[in-house]
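Enquirer: Just dropping this structure here.
The values are calculated or read from the model by the stated rules, or taken from the named source; none is laboratory data. The model shown is predicted, which means the values in this text are computed figures rather than measured ones. FYI the Cβ positions are ideal-geometry reconstructions off the backbone, even for glycines, and counts take in every protein chain you see.
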């Protein structure tokens, strides 16, 4: 299949819609000032073919997409024991709800809600310098240096009362081992990773290659079985409270962030990254989802 | 791939485990008296090749698996308008919870929780004789006559207070159009459909054939797009509160019932039906899930 | 204290406010067509002195005020065993919520929420003809014949889906012994009792007389201890989700109904009944509460 | 009435029960090491008559009883505006639940749950040195110097993750104005007030004297109307999730703490303080409640 023309078509169809609907995340200034009328799309096949269109080279804050990569790091370090602290079920509730945490004694339902990612960050603090390790991991996956946006990390920390509430609440149940402050420092930094679509499509590449490093050469990122499981979690839990609808209408494992990015996987074939800052009511990129729907419609690629 | 030897191996591995764990559903006598130590498996490829092993010819009560077929009927009759009354998100709660219904003003989160299936039954009562139509649909799909187990239907009705509560609750929000009694009569009958693994694997065949009738010849059961969507719903919502775990460990769209049956789909390839009456804590067949895990491990087939 | 002038003053102050705010209950036609601009107040001291003003002789549907009388009947028949099925805590939730019932396995939090009153009705069906017994009880307390408004009872039954849901839900937990239909028939009839303020102030008289029959002569209605407990329940649970606010601003045990009536008790001194059909957002009579506030301000009577 | 003999009788009846049931709060060492087998009772009439028995002079950590005094301070400083941030309804849920906070956008249901008392502490930080002011207030009320137990305050701070979660959660809704750290420093200190039964019965004395200072002479503590309202809040919300049961069985406004103390009010007559460290399942002093039941039974004093 010729992918570049398809991405160009998608870009052509999305451009006229820019700025018409949705709302850019406004809870911190660094996100609020991102112009809404941007759209990028990039992909990479498991053979290494790449294509992109629109603002695919513009870096943005990957926010919750980082949960995908910290989960991968934690799974490969800890194996099955990770799941003693974190569930694997969709939350059925807004992504930062405390209700379910209370019902389930401080065990987050899955690693892609905020509480779950904070629990993963706590696990990553067990060994070495978690922030440095994450940067090294991301840079290796993307094939070029990736950095934190320190302004974003500082803003997240200064206003992240709800995440402080979540972390303290889990700690009250004995489900967080480290002090809340360094755990959240890790979490706020991972959310502040700055990448563009091309880098994200590359970095997620192991998810369509049975765990093999996306750029080849290096040792495998994780096992085939772990890769399938991460894809399954993305499909059932990767897009906040809209996961069911996204599976229904797009049918690909996806992980989104409030920065407007979404990573999607076609197992054994390719990974995609789309970005457009304006969000729908569920916190997912409005035109990002639209672009993925177009991609599936044009290519017939879907896991179902 | 040679499937018959694989099913035989699975049967050989499962047989020694029969009767060791899990609990047969006991809320009605007709289910409670089913001997636990039974296991059947059957499959059918999209080309029509069939294989089966164990108690694949023993009929059982398909219970919630029926929700898959009534949903299909309702989708092809009503199209998009069906979703005004029913959501498409995982429930994140036990399958018959009233809490979420209250929060969401009587709109069930998806068509595979009891409330959702009751809402689907209400929609099916709009046209013709819903029970007769369902029997005709099932018989056509299975290629042989399918009937209700009237004893089961009567027992469900006599003890189904929670379903009466759900239906009345939805009606209090104006989300059920017909009288509660005929809606639940339809619902209790669909749960009482009596089929075996071979029939179920066949009947679900349209789900691996882009909606084409499983036995060929007849007009399509539904569109390709609808088929993908049904598969997506099965994956995210088909196995009660364990859908996330089942996606994680098996990675196939599945729909289970408390009679111990599970239907699974490998899109574009085959459908599977497994049955073993003893349930795990989530209400899914313990050895049915185990058999599906073995199948995926032996064949490498999974959507991820 | 001279009470008649006080009630006259209250009537004079309330009259100009009639029809300005609040909404008459509209869920059944017989309630919806009651003119909003009515107000009555009546009282009776424990020595038998009576006073009234405004529309105190106009009969209305007492609705949830009946829960006070059925509770009294059940307490004197069953004693402590009643509380195995019903709690004594404020609900902290809208009065007909199913959530708490689910969390507490079908045991209603108190006898004044709908679920609790339905559970009380179930208990009353254990002996004799519950509806006839209730009429006899009310007529004896009021000193004149009291009857059901059969149109109201029939309308409640025809539209009471949420109460059917509650009753079936409790039955699913084994917390209702009789069939749902006769239990709700009793419940819908008790809600349809038709009384005026004078009759209600008299009928509740045992609550300010340590359980002695309000009109004297007859045997005690209940013990002093039971009387105190009923008053305590009225204070903590008697006015739907506003009980805390009513205790805070009025400071008297009260039981309200969506017909616009409220019964209040000044222990050892008097009982009051007020009525005005327009309700506030919590389902309590807007001007009824206002009148009680005025009464407390003018007399200094309050339990605190 | 002769009160000293009554307190002596109560002490005689309670002593043999010491150490038989209940559990001393163990979440911090300073509380965990308090010997369970202690019981004290003290009272003071509105005329100034005092009586006491048992371990009435032994100081203990008043914990949540402090919420009564900080509420009084905040009410007299702020008047009605206080209630913009705090509700007045019973919680219907365990005392430190986050669920209701989420449903109600960070507004605690009442000032006696932890979240509510933290919100009150935030209000008190608006003016002057809140901790010093509280000590001055308590010392004035008790007529002798009252101090914080700094070990308890430090332990509360070191382990109070759930309170950090509550405060951060409210701050995420914009319902806490000051930084979380000083707000909780105030809160942990108020919980660490160290007093005995005699001091507490005295200090609460304004609640039975229409707001007049318990020891006379000084200006009124609060208005009569405020006093009634505080008593009402104690009755509906003062004993965690057992408030309904306590109103039902004791019938007096009470405020309890997990240190084992309970303050009770007989309006216009007297205040009582009881203390026994072993708690029941609801977090209230098991024998403290028993002693209050005995007091009500022996004296006939109750608000109902």
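Enquirer: Can you find even one residue in the stretch D:268-280 that is under 22 Å from residue D:31 (Cβ atoms), out of contact with any strand residue (DSSP E or B) (no Cβ under 8 Å at 6 or more places or on another chain) and outside any strand (DSSP E or B)? Full working, then the answer.
Expert: The first filter runs over the stretch D:268-280 and keeps only residues under 22 Å from residue D:31 (Cβ atoms), leaving D:273-280.
Next, from what is left, pick out any that are out of contact with any strand residue (DSSP E or B) (no Cβ under 8 Å at 6 or more places or on another chain): D:280.
Going one step further and asking which of them are outside any strand (DSSP E or B), we end up with D:280.
Yes; the residues of the stretch D:268-280 include at least one that is under 22 Å from residue D:31 (Cβ atoms), out of contact with any strand residue (DSSP E or B) (no Cβ under 8 Å at 6 or more places or on another chain) and outside any strand (DSSP E or B).
For (1) farther than 15 Å from residue C:234 by Cβ; (2) more than 19 Å from the chain's Cα centre (by Cα); (3) not in a helix (DSSP H, G or I), each residue gets a yes or a no:
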site: C:44; (1), (2), (3): yes, no, yes
site: C:48; (1), (2), (3): yes, yes, yes
site: C:53; (1), (2), (3): yes, yes, yes
site: C:57; (1), (2), (3): yes, no, yes
site: C:66; (1), (2), (3): no, no, no
site: C:69; (1), (2), (3): no, no, no
site: C:72; (1), (2), (3): no, no, no
site: C:78; (1), (2), (3): yes, yes, no
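Enquirer: Please work out if residue B:232 is buried (at least 18 other Cβ atoms within 10 Å of the Cβ), at pLDDT 95 or above and more than 9 Å from every other protein chain (Cβ to nearest Cβ). Reasoning before the result, please.
Expert: Values: buried (at least 18 other Cβ atoms within 10 Å of the Cβ): yes; at pLDDT 95 or above: yes; more than 9 Å from every other protein chain (Cβ to nearest Cβ): no.
Considered against the rule, which asks whether it is buried (at least 18 other Cβ atoms within 10 Å of the Cβ), at pLDDT 95 or above and more than 9 Å from every other protein chain (Cβ to nearest Cβ), residue B:232 comes out as no.
Enquirer: Can you spot a residue in the stretch B:188-204 that is touching a residue at least 40 places away in the same chain (Cβ under 8 Å), within 14 Å of chain A (Cβ to nearest Cβ), buried (at least 23 other Cβ atoms within 10 Å of the Cβ) and more than 30 Å from residue A:87 (Cα to Cα)?
Expert: Applying the first criterion (touching a residue at least 40 places away in the same chain (Cβ under 8 Å)) to the stretch B:188-204 yields B:189-204.
Applying the additional criterion that residues be within 14 Å of chain A (Cβ to nearest Cβ) yields B:204.
With buried (at least 23 other Cβ atoms within 10 Å of the Cβ) added as a condition, the list becomes B:204.
This time we only want the ones that are more than 30 Å from residue A:87 (Cα to Cα), so: B:204.
Scanning the stretch B:188-204, I find at least one residue that is touching a residue at least 40 places away in the same chain (Cβ under 8 Å), within 14 Å of chain A (Cβ to nearest Cβ), buried (at least 23 other Cβ atoms within 10 Å of the Cβ) and more than 30 Å from residue A:87 (Cα to Cα), so the answer is yes.
Enquirer: For residues in the stretch C:167-183 being in contact with a helix residue (DSSP H, G or I) (Cβ under 7 Å, 6 or more places away or on another chain) and closer than 16 Å to residue C:87 by Cβ, which is surrounded by the fewest Cβ atoms within 10 Å (Cβ to Cβ)? Talk me through it step by step, then tell me what you get.
Expert: Quick first cut of the stretch C:167-183, residues in contact with a helix residue (DSSP H, G or I) (Cβ under 7 Å, 6 or more places away or on another chain) only: C:167-172, C:175-178, C:180, C:183.
Subset that is closer than 16 Å to residue C:87 by Cβ: C:169-170, C:175-176.
Numbers: C:169: 25, C:170: 27, C:175: 22, C:176: 26.
Ranking the candidates gives C:175 first.
Enquirer: Mind listing whichever residues of the stretch A:168-187 are within 11 Å of another protein chain (Cβ to nearest Cβ) and under 30 Å from residue A:288 (Cα atoms)?
Expert: Hit for the stretch A:168-187 is A:184, nothing else.
Enquirer: Separate question: Can you find a residue in the stretch D:254-267 that is within 17 Å of the chain's Cα centre (by Cα), under 21 Å from residue C:86 (Cβ atoms), within 10 Å of chain C (Cβ to nearest Cβ) and not in a loop (DSSP other than H, G, I, E, B)?
Expert: The answer is no, given that none of the residues of the stretch D:254-267 is within 17 Å of the chain's Cα centre (by Cα), under 21 Å from residue C:86 (Cβ atoms), within 10 Å of chain C (Cβ to nearest Cβ) and not in a loop (DSSP other than H, G, I, E, B).
Enquirer: Given D:162, D:202, which one is in contact with a helix residue (DSSP H, G or I) (Cβ under 7 Å, 6 or more places away or on another chain) and more than 20 Å from residue D:116 (Cβ to Cβ)?
Expert: Testing whether each residue is in contact with a helix residue (DSSP H, G or I) (Cβ under 7 Å, 6 or more places away or on another chain) and more than 20 Å from residue D:116 (Cβ to Cβ) leaves just D:202.
Enquirer: Residue C:141 - would you say it is under 17 Å from residue C:68 (Cβ atoms) and away from chain D (no Cβ under 14 Å)? Give the derivation first.
Expert: Numbers: under 17 Å from residue C:68 (Cβ atoms): yes; away from chain D (no Cβ under 14 Å): yes.
Yes, satisfied.
Enquirer: Something else: Is it the case that residue A:251 is touching a residue at least 12 places away in the same chain (Cβ under 8 Å), over 30 Å from residue A:151 (Cβ atoms), in contact with a helix residue (DSSP H, G or I) (Cβ under 6 Å, 6 or more places away or on another chain) and crowded, with 24+ Cβ neighbours inside 10 Å? Spell out the reasoning first.
Expert: Working: touching a residue at least 12 places away in the same chain (Cβ under 8 Å): yes; over 30 Å from residue A:151 (Cβ atoms): yes; in contact with a helix residue (DSSP H, G or I) (Cβ under 6 Å, 6 or more places away or on another chain): yes; crowded, with 24+ Cβ neighbours inside 10 Å: yes.
Answer is yes for this residue.
Enquirer: Could you check the stretch D:289-304 and list, in sequence order, the residues that are touching a residue at least 60 places away in the same chain (Cβ under 8 Å), out of contact with any strand residue (DSSP E or B) (no Cβ under 6 Å at 6 or more places or on another chain) and crowded, with 24+ Cβ neighbours inside 10 Å?
Expert: D:295, D:303, listed by residue number.
Enquirer: Same structure, new question: Can you pull out the residues in the stretch A:11-24 that are more than 17 Å from residue A:284 (Cβ to Cβ) and either in a helix (DSSP H, G or I) or modelled with pLDDT of 95 or more (or both)? Even if it seems obvious, please write down each step before you answer.
Expert: Pass one, the stretch A:11-24, residues more than 17 Å from residue A:284 (Cβ to Cβ): A:11-13, A:15-16, A:19.
Residues satisfying the conditions are A:11, A:12, A:13, A:15, A:16.
Results for (1) modelled with pLDDT under 95; (2) closer than 23 Å to residue A:12 by Cβ; (3) within 14 Å of another protein chain (Cβ to nearest Cβ); (4) buried (at least 23 other Cβ atoms within 10 Å of the Cβ), shown as yes or no for each residue.
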{"residue": "A:49", "(1), (2), (3), (4)": "no, yes, no, no"}
{"residue": "A:56", "(1), (2), (3), (4)": "no, yes, no, yes"}
{"residue": "A:62", "(1), (2), (3), (4)": "no, no, no, yes"}
{"residue": "A:80", "(1), (2), (3), (4)": "yes, no, yes, no"}
{"residue": "A:100", "(1), (2), (3), (4)": "yes, no, yes, no"}
{"residue": "A:105", "(1), (2), (3), (4)": "yes, no, yes, no"}
{"residue": "A:111", "(1), (2), (3), (4)": "no, no, yes, yes"}
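Enquirer: Of all residues in the stretch A:16-32, which are closer than 13 Å to residue A:260 by Cα and free of Cβ contacts under 8 Å to residues at least 60 places away in the same chain?
Expert: A:26, A:32
Enquirer: Run residue A:129 past the list (1) surrounded by fewer than 24 Cβ atoms within 10 Å (Cβ to Cβ); (2) within 27 Å of residue D:169 (Cβ to Cβ) and report the number of the one that doesn't hold.
Expert: Evaluating residue A:129 over (1) surrounded by fewer than 24 Cβ atoms within 10 Å (Cβ to Cβ); (2) within 27 Å of residue D:169 (Cβ to Cβ) leaves (2) as the failure.
Enquirer: Considering only the stretch C:127-137, state which residues are touching a residue at least 24 places away in the same chain (Cβ under 8 Å) and farther than 15 Å from residue C:187 by Cβ.
Expert: Across the stretch C:127-137, the qualifying residues are C:127, C:137.
Enquirer: Within the stretch A:260-288, track down each residue that is surrounded by fewer than 24 Cβ atoms within 10 Å (Cβ to Cβ) and within 20 Å of residue A:208 (Cα to Cα).
Expert: A:266, A:267, A:268, A:269
Enquirer: Continuing with the same structure: Would you tally the residues in the stretch C:235-252 being within 7 Å of another protein chain (Cβ to nearest Cβ) and touching a strand residue (DSSP E or B) at 6+ places or on another chain (Cβ under 7 Å)? Working first, answer last.
Expert: First, the residues of the stretch C:235-252 that are within 7 Å of another protein chain (Cβ to nearest Cβ): C:235-237, C:241, C:243-245, C:247-248, C:251.
Narrowing the set further to residues that are touching a strand residue (DSSP E or B) at 6+ places or on another chain (Cβ under 7 Å) leaves none.
Within the stretch C:235-252, residues that are within 7 Å of another protein chain (Cβ to nearest Cβ) and touching a strand residue (DSSP E or B) at 6+ places or on another chain (Cβ under 7 Å) number 0.
Enquirer: Still on this structure: Residues in the stretch A:205-227: is at least one surrounded by 21 or more Cβ atoms within 10 Å (Cβ to Cβ), at the interface with another protein chain (Cβ under 7 Å from one of its Cβ atoms) and in a helix (DSSP H, G or I)?
Expert: no
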